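Engineer: Let me begin by handing over the structure; questions about it come next.
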Amino acid sequence: MLADYGCFLVGFGWLAHAHAASGYVTGVLGPTLLIAVSTSLTFRTLMAAAAADVSEGDAGIIGGLANTAGQVGGSDR
């Protein structure tokens, strides 16, 4: 997870340094792909951790609760 978060931060840092003269590939596409890959790896790992010690019968409800918590936790108001 540390590598995932590191890639996430590097991608956003790279994107933050883009300016009007940056090319599309180096200013937008590269950091966006890095963020997308790290996001998918991070959330997959977090969902696996949330359902790690759950019985098979409760896995669906725990997955739903973890997903809802992620959606509600990210909302502003």
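Engineer: Within the set of pairs 6 or more residues apart or between chains, which connect a residue that is modelled with pLDDT of 90 or more inside segment 50-75 to a residue that is assigned to a loop (DSSP other than H, G, I, E, B) and open to solvent by 50 Å² or more (accessible area, probe 1.4 Å) with Cβ atoms less than 9 Å apart?
Structural biologist: Short answer, once both residue conditions are applied: none.
Engineer: Confirm whether Gly11 is in contact with a Leu (Cβ under 6 Å, 6 or more places away or on another chain) and either within 23 Å of Met1 (Cα to Cα) or surrounded by 11 or more Cβ atoms within 10 Å (Cβ to Cβ) (or both). Spell out how you get there, then give the answer.
Structural biologist: Numbers: in contact with a Leu (Cβ under 6 Å, 6 or more places away or on another chain): yes; either within 23 Å of Met1 (Cα to Cα) or surrounded by 11 or more Cβ atoms within 10 Å (Cβ to Cβ) (or both): yes.
Answer is yes for this residue.
Engineer: Could you tell me whether Ala69 is open to solvent by less than 70 Å² (accessible area, probe 1.4 Å), touching a helix residue (DSSP H, G or I) at 6+ places or on another chain (Cβ under 6 Å) and hydrophobic (A, V, I, L, M, F, W, C)?
Structural biologist: Judged against the criteria, Ala69 is not a match.
Engineer: Related question: Name the single residue, out of those in segment 29-53 being loosely packed, with under 14 Cβ neighbours inside 10 Å and more than 13 Å from the chain's Cα centre (by Cα), that is farthest from Tyr5 (Cα to Cα).
Structural biologist: Asp53
The values are calculated or read from the model by the stated rules, or taken from the named source; none is laboratory data. Treat the numbers as computed from the prediction; the structure is a model and nothing was measured. Neighbour counts are summed over all protein chains in view; Cβ atoms, including those assigned to glycine, are modelled from backbone coordinates with ideal geometry. Side chains are part of the model used for accessible areas, which takes the heavy atoms of the whole protein and leaves out ligands, DNA and RNA. Shrake-Rupley method; radii C 1.70, N 1.55, O 1.52, S 1.80 Å.
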